[in-house]
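Heads up, the thing below is written out as structure tokens.
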Amino acid sequence: MDQYRGRFAPSPTGPLHFGSLVAAVGSYLEAKSRGGQWLVRMEDLDPPREQPGAADAILRTLEACGLAWDGMPMYQSQRREAYRAALARLEAQGLVYPCACTRREIADSILAFAPARVAGSARNVLLSHASGTGFGGESRHDSALIYPGTCRTGLAPGKTPRATRVRVDHDLVGFEDVLQGKVSQDLAAEIGDFVLLRADALYAYQLAVVVDDAEQGITDVVRGADLLDSTPRQIYLQRLLGLRTPRYLHLPAAVNAAGEKLSKQTRAAPVHERDPVPVLTQVMDFLGQAPPAQIGRAPLAEFWRWALAHWDATHIPRRRSLPEPRG
């Protein structure tokens, strides 16, 4: 049996906050409790969303929290050649094609032909992007627009390629999540052919994460359940590229009082580096580990001795999201 290799893969869009610390602690303890390795990958693939200095700040916060990673951190910004090679393999097999569609054109197709509920979703996506609350291009964040296959059989006359999409079919892509249970998706019906190379010439998250998990020999992915719906796409790409599928465990995502996932956009507070034990104790409580009150006042080394000795993934709430602790 292969040695357990897990990872924590933050996007440097801002400081480490409670929600990302949940993923860091959960993935770290799951790896170390199994005698495995815990790697760090900086998903700095989307410069328009990144904050200068955030990658270094995240690493400093991890160190301040006593989260020691194995090996050197990987940076996706240095991995473009690997993504280009993977895309070339798919191109050689006729599995991808150029797409000239803009987001508005895709939404207009949905508005014209889809049921009212789906059309309303498409309209909301356009409003989100117009107001600046959405993200440009296609990243790790799911888009509500289901691609209708406009360019599948070739570009219309006069159209210029903007992005590259991978062909999907109606076979269900399913897996058994360690915590969330059985998950399956009909990619053709629920997602459509999805982007691997964006219109801004940046590689899409779905391709990058698959290539990097394989490169790092990741056996187990522990991350937030906000990425649960991305997993079937990643498994689909793993199969097309002949890559191993890791085991997946999706932790509850921390949400604020409005039900929004904690993020830079929702003004999530950064982790306090000078005294991290109280928030680490809150993370353990959030993950169902029932830390005793005195652990929140213990030295950092004592906290980690307790956490490693008592970690039990079966106690994590089987929820997709949970409210962040108050106070």
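The values are calculated or read from the model by the stated rules, or taken from the named source; none is laboratory data. Remember, predicted model here, so these are calculated numbers, not experimental data. Every residue, glycine as well, gets a Cβ built from its backbone with ideal geometry; the counts of neighbours run over all protein chains shown. All accessible areas refer to the heavy atoms of the entire protein, side chains included, with ligands and DNA or RNA removed. Shrake-Rupley method; radii C 1.70, N 1.55, O 1.52, S 1.80 Å.
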Check: Taking the condition out of contact with any strand residue (DSSP E or B) (no Cβ under 6 Å at 6 or more places or on another chain), over 22 Å from Arg84 (Cα atoms), at pLDDT below 80 and exposed (fewer than 11 other Cβ atoms within 10 Å of the Cβ), does Thr133 pass?
Finding: yes
Check: Taking helices (runs of 4 or more DSSP H) that fall entirely within region 18-97, which contain at least 3 residues that are closer than 19 Å to Leu196 by Cβ?
Finding: 80-92
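Here is a yes/no grid of residues against (1) modelled with pLDDT of 95 or more; (2) hydroxyl-bearing (Ser, Thr, Tyr); (3) surrounded by fewer than 16 Cβ atoms within 10 Å (Cβ to Cβ); (4) in a loop (DSSP other than H, G, I, E, B):
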{"position": "Ala258", "(1), (2), (3), (4)": "no, no, yes, yes"}
{"position": "Arg267", "(1), (2), (3), (4)": "no, no, yes, yes"}
{"position": "Asp285", "(1), (2), (3), (4)": "yes, no, yes, no"}
{"position": "Gly288", "(1), (2), (3), (4)": "yes, no, no, yes"}
{"position": "Pro291", "(1), (2), (3), (4)": "yes, no, no, yes"}
Next item on the list: Scan (1) modelled with pLDDT under 95; (2) closer than 22 Å to Met42 by Cβ; (3) of a type in the set (Lys, Arg) for the single condition Arg223 breaks and write down its number.
Entry: (1)
Notebook entry, point to check: Restricting the first residue to region 307-321 and requiring it to be among the aliphatic types (A, V, I, L, M), which pairs with a second residue that is open to solvent by less than 50 Å² (accessible area, probe 1.4 Å) and not in a helix (DSSP H, G or I) meet a Cβ separation below 6 Å and a spacing of at least six or different chains?
Noted result: Ile316/Leu179; Ile316/Leu287; Ile316/Gly288
Next item on the list: Hey, can you tell me all the residues within region 271-294 that are within 21 Å of Ala31 (Cβ to Cβ) and free of Cβ contacts under 8 Å to residues at least 24 places away in the same chain?
Entry: Thr281, Pro291
Note to self: Within region 70-114, take every residue that is within 19 Å of Arg165 (Cβ to Cβ) and of a type in the set (S, T, N, Q) and give me the one that is modelled with the lowest pLDDT.
What the structure shows: Ser109
Checklist line | Among the residues listed as Arg318, Arg244, Arg223, the single one being in a strand (DSSP E or B) and either in contact with a Gly (Cβ under 7 Å, 6 or more places away or on another chain) or within 20 Å of Glu30 (Cβ to Cβ) (or both) | finding: Arg223
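Given the criterion under 15 Å from the mean Cα position of the chain (by Cα), closer than 23 Å to Leu202 by Cα, of a type outside the set (A, V, I, L, M) and open to solvent by 30 Å² or more (accessible area, probe 1.4 Å), identify the matching residue among Arg49, Arg41. Spell out how you get there, then give the answer.
Numbers: Arg41 fails: open to solvent by 30 Å² or more (accessible area, probe 1.4 Å).
When all the criteria are applied, what remains is Arg49.
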Notebook entry, point to check: If you check Leu322, Leu300, Leu249, Leu228, which single one turns out to be modelled with pLDDT of 95 or more and open to solvent by 20 Å² or more (accessible area, probe 1.4 Å)?
Noted result: Leu300
Notebook entry, point to check: Which one is nearest to Ala100 (Cα to Cα) among residues in region 183-196 that are surrounded by fewer than 23 Cβ atoms within 10 Å (Cβ to Cβ) and in contact with a Leu (Cβ under 6 Å, 6 or more places away or on another chain)?
Noted result: Asp186
Next item on the list: Among the strands (runs of 3 or more DSSP E) lying completely within region 137-186, list those that include at least 1 residues that are modelled with pLDDT under 90.
Entry: none
Item checked: Residue selected from region 9-33 under the condition open to solvent by less than 10 Å² (accessible area, probe 1.4 Å) and among the hydrophobic types (A, V, I, L, M, F, W, C), by the criterion modelled with the lowest pLDDT -> Leu16
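Is one or more of the residues making up region 199-212 open to solvent by 10 Å² or more (accessible area, probe 1.4 Å), in a loop (DSSP other than H, G, I, E, B), free of Cβ contacts under 8 Å to residues at least 24 places away in the same chain and within 18 Å of Arg79 (Cα to Cα)?
First, pick out the residues of region 199-212 that are open to solvent by 10 Å² or more (accessible area, probe 1.4 Å): 199-203, 205, 211.
So of that shortlist, the ones also in a loop (DSSP other than H, G, I, E, B) come out as 199-202.
Next, only the ones that are free of Cβ contacts under 8 Å to residues at least 24 places away in the same chain stay: 201.
Cutting the leftovers down to within 18 Å of Arg79 (Cα to Cα) gives us 201.
Yes, region 199-212 has at least one match.
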